[in-house]
Structures are given as structure tokens and as C-alpha cells.
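In what follows, a single structure is set out as C-alpha cells and then discussed.
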Amino acid sequence: MRINLFWRILISLLFIIGTITCLLKFWLEPVLFEFYLQRELQNLTSIVKVSSPMLAKEFRDNCSLKRIEELNQELSIKTNTLAIITIPNCGKSELENFDLTLYRNQTDLYNVLSGQSVAKVKSLNNDQTVTIYSAAPIFIDSTLIGAVQVESLITSFPNEISNEINRIYFILLLLSLFSIGFSFLFYRYYSGKLRNAINNLLELNEAKVRPETKIPSLSTNEIEQLEKTIKHSVVEIHKKFDSYSSDARVFTSILNNMNDGILVADQSGQVKLINNAAADFFSIEIQQAETHSLVEVLRNHIIEGVWQNCMETQKIQTIDTEINPQHRFIRCIATPLAPQLPGSVLLLFQDLTRIHQLEIIRQDFVSNVSHELRTPLASLKALVETLQDSTLQDPTAAKKFLESMDTEIDNMTQIVQELLELSKIESGRVPLEKRETTPDELLSKVAERMQLQVQRGKLNLIIDVQNKLPAIMVDINRIEQVLVNLVHNAIKFTFPGGKITLSAFQQNHEIIFSIEDTGIGIPPRDLERIFERFYKVDRARSEHGTGLGLSIARHLVEAHGGRIWAESVQTKGSTFFFSIPIISE
Ligand code: ADP
């Protein structure tokens, strides 16, 4: 049973008062009573001692029973006792030499008549009263003639002592009442403060109490100490809490801002910790992951195998693999966390997708360059061999062969030049020399430059420029290069009699250039990829190209802050667009 502070204080005080009362009742009262009896006995003894010589004098000459009776009464009244004077030979000629055996049954009187003085508390009577008794022999000139006995009945303390004891009881009663009042006030005064202190302590668990929070002041020593302890604890716990929470914040923010994925699984395969990157790799919410098993989160038997191996061998395991659904290439490094966390394994996921793509691009690039150079080199080889075999003797044929060889060398030179150009543009080593010009001016110049090829292709070239277009700031040579590439392709992939339209118009804050042809068009699946290096829609059809022209054009347009894209309907024609921002430095 829980007793509150009020009852605790009250019970303690009442216990003390009860103990004092019991002591008073069962120890002090009997002691006092005994003391009182002894004092009364001494009084009786003094009475008999004083009475004895006086009685001897009285009976020296004459003794009568009547006189004894009178003296008994007189002494009883004077001393407020029961006095009995015994003179055995009273009325006889001589008072001494009486027959002592007659008193054998009365022990006390017998002893006194034998010459002894007796003083004693006689007995506790049935009615709880006490008789005290004192007796002394009566001597006439050292001859024993009788005895004087006095008895007094003591019923209780005399009034003055009783009053004192009652007063003490009354004071104790008052003290009890005072205790009740005091306990209540004490309880009212301190319980609130203690409750606050306890609440503060409870709130400490949740670190709601700040060190600056004013803890109510208490006063008794213990409570002051409690207050001091709480204040000290508040400061200490907060220091630790702040330091832990700041460490935890740093830890969480590092964890969640890492590009690498982190996942910790315990011995049973339960996910204990996962960061944003890892959750993203496996397309799962962090909260969801932390309530699931590793198998459910990963859904990848290769990584599960790595985790299993790591658990069994307690050695670091590494694997590169592709994960679904985003087809990312990741490296998974499993590290055992023993001895700190026995059985737990840290899985680190590094995204290798970009590196993997770059590797594929590099491999493609090497194979593309080899492929592009192999064709002219093979032609050259064949031409040289034919020349060596016979044709040298025939100067006309030899001249034709040499011209063919020259064309192949030109092809190879173009590939190498374009590759160099692309590499320069990609690495940002081509500074743009921007000057002001108009879209009209740019298109007219390009049309003029391409006029001969247009005529050769028996094509119709039209320029359609929106009126009053604003001037633009561009590197004129570079944008001309873009336009030439696009017009060149249009000429290349349009049958004789076809039409090529060069346009420019404003859209928002951009000038859009478009090169439209009525040529063979581009299949939709290739449209996205034609701006990649070496990409050709149909290698057989575009034998005389490097597949680098559109890639160069894209880099140059993007260097000007613009975009490039294409629309096409197969067999109907293609339109290439690129934009140049109007406001440029
Ligand atoms: P190439 O030097 O081979 O022309 P490009 O990068 O300029 O290289 O073009 C890439 C490919 O895009 C071409 O090989 C061709 O298949 C396709 N292409 C480009 N322009 C056109 C167009 N106007 N009509 C049809 N196909 C085109």
C-alpha cells in the first residue's frame, strides 16, 4: 500500500507521542507510585518512632485498656492512619514478661514484640489498593512492654500528583492534535515542491527540462540536497543529451547525404539501419525497410549470397552486380561488424552505373573508330596492292588509282579532324568568340556556301525567316558550322528534286532555327540517338559519313546555351531544330 507524505509524517509523530504515553503509563507511573509509597512508609516509620517513647512514658505508671483505646483513636486521627497499640500485660502488675507465644500467628506483631522494628508495603489488595505498615516496640528503660503499629491504606496517587500526570496527558493530547495540523501544513507546503521536483526528474528522461528551467526552491537539508542533485542532474544529463543528439544529427545527416548506400543487418537478417541512398537503390521507404528483413528489402539473391558468405566467413566480401528495377550497376561490399556488433553485417553499395556506362562508351568509341578507319584503310591497301601488281605500267589506270587513294586519305583525314574537333569541344577547349549577327544573315551565308552542293543534288533550297528578328550574340563560325552540318545531311539524305527549307523564328526568349528536308526521314527509335557519337541510322545508307557531325553540332549549340532536337516522318522527311537564347553575353 502506498502512503503519501502526509500520512507518513502523521504516523511518525503519533508513534512518538504514543511511545511517550506508554512509557508514562507503564513505566513512569509505577515508578512514581513506588516512590510515593516509600515516602509514605517513611512517614509511618517516623510516626511510630516518635510515638513509641511517648507511649512508654504514658504507660510507665498505669495501663488500662480504655486508655489504650483512647490513644489508638487519638493517634489514628492525628496521623490519618489506623493505629493499634498493643500492651500484652496491660492491667497486670508488671508489664514485662508477657507470653509472646500468644502472638505467633501474627507474624509482624510477633516480630515487633520480639524487639524488631518493621516497615513494609503490606500487600496489593483485591481492589487495587495498597496497605503500608510500620510498627515499633515500646520500651520502658530498655524493657519491652508492647508495640505500636500503624497502617495506612493507599488507594491512588494523592491529588497533586494525579493532577500533574493528567496535565502531562493533556499536553500529549494537544501535541497529537498539533501533529495532525503540522503534518497537514508540512505536507501542503512541501508536497507541491516535491511533486515538481519529481516531475522534473521524470521529464528529464525525455530531456524536456532545460538546464535554465527554475526548479522550485526547497528548504530542509535533505530536500535541498534533492534539489541540488536534480539541478546537477539536469545540467549533466543535458550536456550528455546535447552531445549525443548533436552526434546523432551529424551521423544521420552524413548517412543520409552519402551517395553510397549503407545497410546494416543483424544476425537474424533483420534490417537495423538503412540510409536514403540504399533505400533509393532498392526502391523502398526507409521506415518500411527498417521493419523488414534483408531478403525482403534486397530482393536480389546475389547480394543475399554475399551477406551470407560474410556472416559465415566473417571476412569482407565484394561483388559487382546489376540491380533491378533501375538496371543500376552497383558494387556491394559486405563487412562483418564483430566484435562490437556480433553477427551484424554492414553492406555498402556503390553506384557504378556511370562508370559502367563510360566503360561501354569507351569500348564503343574504340570499336567505332577502328570500324571507321578500317574501311578506308582496306580500300587503300587494295589500291596499293593493285598498283604494285600491274597498274604501274598503265599510267592512266595508275592515275585513277591514285585519285581513289587520295579520296580515301581525305576520308580518313576528315574522321581524324572531326574526332579532334569533337574532343576539343567536349573538353571545353574551344573558346567562343561571340559577335552580334542576325538569323537572316547566318542562314543566307550558309545557303550561299552550300549552293553548289544543292545544285549538284538537284534540290531546291528555300530560306524562310520571320520578319524583324532580334540580333543574337554567337560565335558566327561555330553556328555556321552547325548549320552547314545540318544542311549537308539534308542534302545527303534527300533525293533529287527534293526541297530543303531553312527557317528562323522567335519563340519566347529564343530564336529557333530549323532545317527541313523532304528526304528519307529517320525511324522513331533512332531519333533519340542520332546525336550520339558515331551513331548512324543505317550504315549502308550513310557510308560517306563519320557519324560525328550531329554530335559536334549538339556540343556547339549547348555551348551557346541552346538545345538541339529533330522531328521526322520516315520517307517524308526530317526537320532539325536548334535554339539560341536571345539574351546572351
Ligand atoms: P554523318 O556524318 O554520318 O552524316 P551525322 O552525325 O551528321 O553523321 O548524322 C548521323 C546519322 O543521322 C546519319 O548517319 C544519318 O543516318 C542520320 N541523319 C542525319 N541527318 C539526317 C537527315 N536529314 N535525314 C535522314 N537521316 C539523317
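The values are calculated or read from the model by the stated rules, or taken from the named source; none is laboratory data. None of these values were measured; they are calculated from a predicted model. As a convention, Cβ positions derive from the backbone with ideal geometry for all residues, glycine included, and neighbour counts pool all protein chains shown.
Taking Phe495 as meeting all but one of (1) farther than 23 Å from Glu448 by Cβ; (2) of a type in the set (Phe, Trp, Tyr); (3) within 9 Å of the ligand (Cβ to nearest atom), write down the number of the exception.
Tallying (1) farther than 23 Å from Glu448 by Cβ; (2) of a type in the set (Phe, Trp, Tyr); (3) within 9 Å of the ligand (Cβ to nearest atom), Phe495 fails exactly one: (3).
For every residue, the table says whether it meets (1) part of a strand (DSSP E or B); (2) touching a helix residue (DSSP H, G or I) at 6+ places or on another chain (Cβ under 7 Å); (3) within 8 Å of the ligand (Cβ to nearest atom); (4) at pLDDT below 90.
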residue: Glu532; (1), (2), (3), (4): no, yes, no, yes
residue: Lys536; (1), (2), (3), (4): no, no, yes, yes
residue: Arg541; (1), (2), (3), (4): no, no, yes, yes
residue: Thr546; (1), (2), (3), (4): no, yes, yes, yes
residue: Gly562; (1), (2), (3), (4): no, no, no, no
residue: Ser568; (1), (2), (3), (4): yes, yes, yes, no
residue: Phe577; (1), (2), (3), (4): yes, no, no, no
residue: Glu585; (1), (2), (3), (4): no, no, no, yes
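If you scan the stretch 1-59, which residues turn out to be in a helix (DSSP H, G or I) and among the polar types (S, T, N, Q)? Don't jump to the end; show me each part of the working.
Here is the first cut: in the stretch 1-59, the residues in a helix (DSSP H, G or I) are 5-59.
Listed by number, the residues that qualify are Ser12, Thr19, Thr21, Gln38, Gln42, Asn43, Thr45, Ser46, Ser51, Ser52.
Report yes if some residue within the stretch 489-510 is within 17 Å of Val557 (Cβ to Cβ), touching a residue at least 24 places away in the same chain (Cβ under 8 Å) and of a type in the set (Val, Ile, Thr); otherwise report no.
no
When only residues in the stretch 498-515 that are within 13 Å of Val465 (Cα to Cα) and crowded, with 19+ Cβ neighbours inside 10 Å count, which is farthest from the ligand (Cβ to nearest atom)?
The qualifying residue farthest from the ligand (Cβ to nearest atom) is Ile511.
Do you know which residues across the stretch 30-60 are surrounded by 15 or more Cβ atoms within 10 Å (Cβ to Cβ) and either at pLDDT below 80 or among the hydroxyl-bearing types (Ser, Thr, Tyr) (or both)?
Tyr36, Thr45, Ser51, Ser52
Conditions first: (1) outside any helix (DSSP H, G or I); (2) more than 24 Å from the chain's Cα centre (by Cα). Val264 passes all but one, so which condition is the exception?
(2)
Test Leu144 against the criterion of being part of a loop (DSSP other than H, G, I, E, B), in contact with a Gly (Cβ under 8 Å, 6 or more places away or on another chain), assigned by TED's automatic domain parsing to the domain that holds Gln42 and surrounded by 15 or more Cβ atoms within 10 Å (Cβ to Cβ), and give yes or no. Show your work before the answer.
Details: part of a loop (DSSP other than H, G, I, E, B): no; in contact with a Gly (Cβ under 8 Å, 6 or more places away or on another chain): yes; assigned by TED's automatic domain parsing to the domain that holds Gln42: yes; surrounded by 15 or more Cβ atoms within 10 Å (Cβ to Cβ): yes.
Here the answer is no, as Leu144 does not meet what is asked.
Within the group Val474, Val487, Val465, which residue is farther than 12 Å from Gly573 by Cα, surrounded by 15 or more Cβ atoms within 10 Å (Cβ to Cβ) and within 16 Å of the ligand (Cβ to nearest atom)? It would help to see each step written out before you state the result.
Details: Val474 fails: within 16 Å of the ligand (Cβ to nearest atom); Val465 fails: within 16 Å of the ligand (Cβ to nearest atom).
Being farther than 12 Å from Gly573 by Cα, surrounded by 15 or more Cβ atoms within 10 Å (Cβ to Cβ) and within 16 Å of the ligand (Cβ to nearest atom) holds for just one of Val474, Val487, Val465, which is Val487.
If you go through the stretch 408-428 one residue at a time, do you hit one that is over 30 Å from Lys381 (Cβ atoms), within 16 Å of the ligand (Cβ to nearest atom) and either outside the structural domain of Ile564 (by TED's automatic domain parsing) or surrounded by 13 or more Cβ atoms within 10 Å (Cβ to Cβ) (or both)?
Looking only at the stretch 408-428, we keep the residues that are over 30 Å from Lys381 (Cβ atoms), and these are 424-428.
Restricting the remaining residues to those that are within 16 Å of the ligand (Cβ to nearest atom) gives 425-426.
If we keep only those that are either outside the structural domain of Ile564 (by TED's automatic domain parsing) or surrounded by 13 or more Cβ atoms within 10 Å (Cβ to Cβ) (or both) as well, we get 425-426.
Yes, because at least one residue in the stretch 408-428 is over 30 Å from Lys381 (Cβ atoms), within 16 Å of the ligand (Cβ to nearest atom) and either outside the structural domain of Ile564 (by TED's automatic domain parsing) or surrounded by 13 or more Cβ atoms within 10 Å (Cβ to Cβ) (or both).
Limited to the stretch 467-509, what total is found for residues that are in a strand (DSSP E or B) and not hydroxyl-bearing (Ser, Thr, Tyr)?
Of the residues in the stretch 467-509, the ones in a strand (DSSP E or B) are 472-474, 499-507.
If we keep only those that are not hydroxyl-bearing (Ser, Thr, Tyr) too, we end up with 472-474, 499-500, 502, 504-507.
Residues that pass the stated criteria total 10.
List pairs: first in the stretch 313-328 and assigned by TED's automatic domain parsing to the domain that holds His301 and touching a residue at least 40 places away in the same chain (Cβ under 8 Å), second assigned to a loop (DSSP other than H, G, I, E, B) and surrounded by 14 or more Cβ atoms within 10 Å (Cβ to Cβ), Cβ under 6 Å, 6+ apart or cross-chain?
Ile323/Asn300
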